[in-house]
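> First the structure, which I've put down as structure tokens, then a few questions once you've had a look.
The values are calculated or read from the model by the stated rules, or taken from the named source; none is laboratory data. None of the values given here were measured: they were computed from a predicted structure. Methodologically, a virtual Cβ is constructed for each residue, glycine included, from the backbone with ideal geometry; neighbour enumeration extends over all protein chains shown.
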């Protein structure tokens, strides 16, 4: 007979495995991957210059030198590191330039609303992949 705590443990392991491998797809332009951007909200009143991308593609299958991270298909961000998470999937760390362009504008981001972060890359097998995620852009106090 299976004890109640064993059922709970098995369910947690199953759900954890599923969360590590979210489904992607393939289209005419290569593999479409899911990416999660942190932070999810960028406040232009705070001096923030780092972003972390979690992608649903195994880190060992990615060519790190072929990764490109862009904001709104306009500004390319400097990727500072790549690694694998606990599931073995790709994690990308990047910086963006904080600029004093007048009214609290951050280079590469709109002054409010939203911004799309797109991660493009190539697998070790030569398959292109891409994923996009949207973050909110706000100005605190308005």
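> Of all the residues that make up region 104-125, how many are modelled with pLDDT under 95 and part of a loop (DSSP other than H, G, I, E, B)?
Summing the residues that are modelled with pLDDT under 95 and part of a loop (DSSP other than H, G, I, E, B) in region 104-125 gives 9.
> Out of everything in region 67-86 that is over 17 Å from residue 49 (Cβ atoms) and modelled with pLDDT of 95 or more, what residue ends up being surrounded by the fewest Cβ atoms within 10 Å (Cβ to Cβ)?
Going through the qualifying residues, I end up with 86.
> Quick one: which of 64, 128 is at pLDDT 85 or above, in contact with a strand residue (DSSP E or B) (Cβ under 7 Å, 6 or more places away or on another chain), under 16 Å from residue 32 (Cα atoms) and surrounded by fewer than 16 Cβ atoms within 10 Å (Cβ to Cβ)? Walk me through how you get there before you give the answer.
Working: 64 fails: under 16 Å from residue 32 (Cα atoms).
Answer to the check: 128.
> Here are the criteria: (1) more than 19 Å from residue 134 (Cα to Cα); (2) surrounded by 12 or more Cβ atoms within 10 Å (Cβ to Cβ); (3) at pLDDT below 95. Tell me which single one residue 43 does not satisfy.
It fails just one condition, (1).
> Same structure again: How about region 90-103: which of its residues are at pLDDT below 70 and surrounded by 14 or more Cβ atoms within 10 Å (Cβ to Cβ)? Walk me through how you get there before you give the answer.
The initial filter retains those residues of region 90-103 that are at pLDDT below 70, namely 97-103.
Residue satisfying the conditions is 98 alone.
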